[in-house]
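Novice: My questions all concern the structure below.
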Amino acid sequence: MVLALTGFSTSRGHGHKSSDGDGGGCSSSSQDHDSSSGGHRDYDDDDDSGGSSGGSGGSDATPTTVLQNAEVRLISCATEKTPYATVTVTNPNATAGTFSFDVTFVDEQADTVARRSMQAYVPANNSTRVNVDVDNTGLLARVDHCQTDSDAEPVS
């Protein structure tokens, strides 16, 4: 009677008992667990539909826009009279984005006086002007010129 409860199906044949191993493992692996639980089967069917009816599927279907780098242009450097550099960041993309860039304040010997990492939000196909201050105004007298990245990378 125990063999009848845990026996092998006729489609596998009776001569493979020794190669199949444990009878319980084989019979349990061939069972359709979804048919015994209607709710579980419905859940699986929703996953196979590509998420058209599920909330998380809709977010997966949203394409991710890959933004090109923005152009950074130095307008003016910091001076004692104007304690910040001014740059423009131009977004060439059809989608607005936030872009990251650096401005370096340099002395007459080409040594770095200060370096600022900045982020700027730029509307689609537009430019934004950004003022970048030297954190320590005591360093302004040492600043001879400014350098900036030519490209600003999109922030993820």
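Novice: Select from the range 95-116 the residues that are touching a residue at least 24 places away in the same chain (Cβ under 8 Å) and assigned to a loop (DSSP other than H, G, I, E, B) and list them in ascending order.
Specialist: Thr95, Ala96, Asp107, Glu108
Novice: Next question. In the range 80-94, how many residues are surrounded by 13 or more Cβ atoms within 10 Å (Cβ to Cβ), touching a residue at least 12 places away in the same chain (Cβ under 8 Å) and assigned to a loop (DSSP other than H, G, I, E, B)?
Specialist: 4
Novice: So, of the residues in the range 106-131 that are open to solvent by less than 30 Å² (accessible area, probe 1.4 Å) and under 17 Å from Asp151 (Cα atoms), which turns out to be farthest from the chain's Cα centre (by Cα)?
Specialist: Taking the candidates together, the pick is Val130.
Novice: Restricting the range 144-156 to residues that are outside any strand (DSSP E or B) and over 22 Å from the mean Cα position of the chain (by Cα), which is surrounded by the fewest Cβ atoms within 10 Å (Cβ to Cβ)? Before the answer, list the steps.
Specialist: Step one: list which residues in the range 144-156 are outside any strand (DSSP E or B), which gives 144, 149-150, 155-156.
Among the residues that remain, those that are also over 22 Å from the mean Cα position of the chain (by Cα) are: 144, 149-150.
Values: Asp144: 13, Asp149: 21, Ser150: 11.
Checking each candidate, the answer is Ser150.
Novice: A further question on this structure: Out of all the residues in the range 132-143, is one or more surrounded by 15 or more Cβ atoms within 10 Å (Cβ to Cβ), modelled with pLDDT of 95 or more and under 30 Å from Thr65 (Cβ atoms)?
Specialist: Yes, the range 132-143 contains at least one residue that is surrounded by 15 or more Cβ atoms within 10 Å (Cβ to Cβ), modelled with pLDDT of 95 or more and under 30 Å from Thr65 (Cβ atoms).
Novice: Among the residues of the range 69-79, what is the count of those that are surrounded by 15 or more Cβ atoms within 10 Å (Cβ to Cβ) and within 17 Å of Ser150 (Cβ to Cβ)?
Specialist: Selection size over the range 69-79: 6.
The values are calculated or read from the model by the stated rules, or taken from the named source; none is laboratory data. Since we're looking at a predicted model, the values are computed, not measured. Ideal geometry is used to build each Cβ from the backbone, glycine not excepted, and the neighbour counts take in all protein chains shown. We work out accessible area using only protein heavy atoms, side chains counted, and drop any ligands, DNA or RNA first. Shrake-Rupley method; radii C 1.70, N 1.55, O 1.52, S 1.80 Å.
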